[in-house]
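K.L.:
Quick one: structure below, then a few questions.
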Amino acid sequence: AFDPAPTKKFALRMLRLYLIWTVIYAPLMLGSYLRSGERIVSIAAHYIRDVIFVGGYYHLWFLNALIVGAVIVTILLRRGVKPRTMLLVAFLLYFCGLFSKSWFGFLLPLKDRIPILWTALRQVKKVIVTTNNGLFEGFLFVAMGMWLAFYGVRVSKGRAFAAFVIFMAVMTAEQRILNALHFVREDDMFLFLVPASFFLCAFVLQLALPDSPV
């Protein structure tokens with residue numbers, strides 16, 4: 001059976017780091033909430049929601065997402081879910097998350113054509129705030145790392161780097177086109193970010209840097 005002990009140790013270490021920095025940044029976050037003019041009860045509710053689903057501060061979302069992604073992958077491995085199936089599920093969730101971010105423009109027709117679905121999606125967003133989180137983004141990238149750990153790198157260093165450059169160029173084109181169409185709500189999740197990240201990781205894993213005292 002898959003041993004969850006390393007994940008537990010890792011998650012607790014990351015959680016401690018996340019909570020420490022959340023406390024450090026708390027005055028800045030609470031200050032921005034207070035300036036909004038909301039009631040104290042509403043501010044407290046929003047802050048707790050953000051700490052759970054988004055991050056204790058803007059850039060702390062990464063630690064939050066990393067913890068959640070690692071826990072999800074571990075639970076699924078313990079339940080016997082195959083790496084290929086897990087990777088597919090993680091990608092589908094990431095793909096759904098795109099529609100709240102860079103692909104938001106594709107959802108806009110729902111506002112007039114299917115208002116019930118549009119309202120439901122807005123209610124979901126009020127709760128989770130963003131898809132830039134552990135379920136929709138962290139899960140996929142941890143699952144990609146899991147795949148490389150299970151099966152290793154099956155592409156040469158040169159081809160991995162070439163593929164990375166190509167997919168970065170395609171992702172740049174994706175970003176420019178979507179922005180030109182005014183589809184983008186936030187510039188942080190793109191479809192071609194996934195293969196670009198995978199091949200960058202595959203390239204870096206094959207770098208043999210010499211030991212150095214620097």
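K.L.:
Out of segment 6-20, which residues are surrounded by 14 or more Cβ atoms within 10 Å (Cβ to Cβ) and either among the β-branched types (V, I, T) or without any contact (Cβ under 8 Å) to a residue 24 or more places away in the chain (or both)?
P.N.:
Scanning segment 6-20 gives a single hit, T7.
K.L.:
May I ask you to list the residues in segment 93-142 that are closer than 16 Å to R49 by Cβ, hydrophobic (A, V, I, L, M, F, W, C) and part of a loop (DSSP other than H, G, I, E, B)?
P.N.:
The one that is closer than 16 Å to R49 by Cβ, hydrophobic (A, V, I, L, M, F, W, C) and part of a loop (DSSP other than H, G, I, E, B): V129.
K.L.:
Take the residues in segment 199-214 that are of a type in the set (A, V, I, L, M, F, W, C) and out of contact with any Leu (no Cβ under 8 Å at 6 or more places or on another chain), then tell me which one is surrounded by the fewest Cβ atoms within 10 Å (Cβ to Cβ). Walk me through it before giving the result.
P.N.:
Within segment 199-214, the first condition is being of a type in the set (A, V, I, L, M, F, W, C), and the residues that meet it are 199-205, 207-209, 214.
Still in the list and also out of contact with any Leu (no Cβ under 8 Å at 6 or more places or on another chain): 199-200, 203-204, 207-209, 214.
Numbers: F199: 22, L200: 17, F203: 21, V204: 13, L207: 8, A208: 5, L209: 5, V214: 2.
Of everything passing the filter in segment 199-214, V214 is surrounded by the fewest Cβ atoms within 10 Å (Cβ to Cβ).
K.L.:
Same structure again: Of the residues that sit in segment 42-80 and are modelled with pLDDT under 90 and aromatic (F, W, Y), which one is surrounded by the fewest Cβ atoms within 10 Å (Cβ to Cβ)?
P.N.:
The qualifying residue surrounded by the fewest Cβ atoms within 10 Å (Cβ to Cβ) is Y58.
K.L.:
Which ones in segment 18-41 are among the small types (G, A, S) and at pLDDT below 85? Steps first, answer last, please.
P.N.:
From segment 18-41, those among the small types (G, A, S) are 26, 31-32, 36-37; that's our starting set.
If the condition is that a residue be among the small types (G, A, S) and at pLDDT below 85, then G31, S32, S36, G37 are the ones that fit.
K.L.:
Go over the candidates S100, S156 one by one and state the one that is open to solvent by less than 30 Å² (accessible area, probe 1.4 Å) and among the hydroxyl-bearing types (S, T, Y).
P.N.:
S100
K.L.:
If you go through segment 159-184 one residue at a time, how many are open to solvent by 70 Å² or more (accessible area, probe 1.4 Å) and part of a loop (DSSP other than H, G, I, E, B)?
P.N.:
2
K.L.:
Give the residues of segment 21-41 that are among the aliphatic types (A, V, I, L, M) and open to solvent by 70 Å² or more (accessible area, probe 1.4 Å), sorted by residue number. Steps first, please.
P.N.:
As a first pass, look at segment 21-41 and keep what is among the aliphatic types (A, V, I, L, M): 23-24, 26, 28-30, 34, 40-41.
Of everything in segment 21-41, those that are among the aliphatic types (A, V, I, L, M) and open to solvent by 70 Å² or more (accessible area, probe 1.4 Å) turn out to be V23, I24, L28, L34, I40, V41.
K.L.:
Suppose we filter L93, L140, L88 for residues that are open to solvent by 20 Å² or more (accessible area, probe 1.4 Å), aliphatic (A, V, I, L, M), modelled with pLDDT of 95 or more and within 25 Å of N179 (Cβ to Cβ); which single one remains?
P.N.:
Numbers: L140 fails: open to solvent by 20 Å² or more (accessible area, probe 1.4 Å); L88 fails: within 25 Å of N179 (Cβ to Cβ).
Being open to solvent by 20 Å² or more (accessible area, probe 1.4 Å), aliphatic (A, V, I, L, M), modelled with pLDDT of 95 or more and within 25 Å of N179 (Cβ to Cβ) holds for just one of L93, L140, L88, which is L93.
K.L.:
What tally of residues in segment 185-197 results from selecting those that are assigned to a loop (DSSP other than H, G, I, E, B) and under 29 Å from K82 (Cβ atoms)? Talk me through it step by step, then tell me what you get.
P.N.:
Taking segment 185-197 and keeping what is assigned to a loop (DSSP other than H, G, I, E, B), we get 185-192.
The next check asks that each one be under 29 Å from K82 (Cβ atoms); those that pass are 189-192.
Qualifying residue count, segment 185-197: 4.
The values are calculated or read from the model by the stated rules, or taken from the named source; none is laboratory data. Everything numeric here is computed off the predicted structure, so don't read it as measured data. Because the Cβ atoms are built from the backbone with ideal geometry, glycine has one as well, and the counts that use them run over all protein chains shown. Side chains included, ligands, DNA and RNA excluded: accessible areas come from the protein's heavy atoms. Shrake-Rupley method; radii C 1.70, N 1.55, O 1.52, S 1.80 Å.
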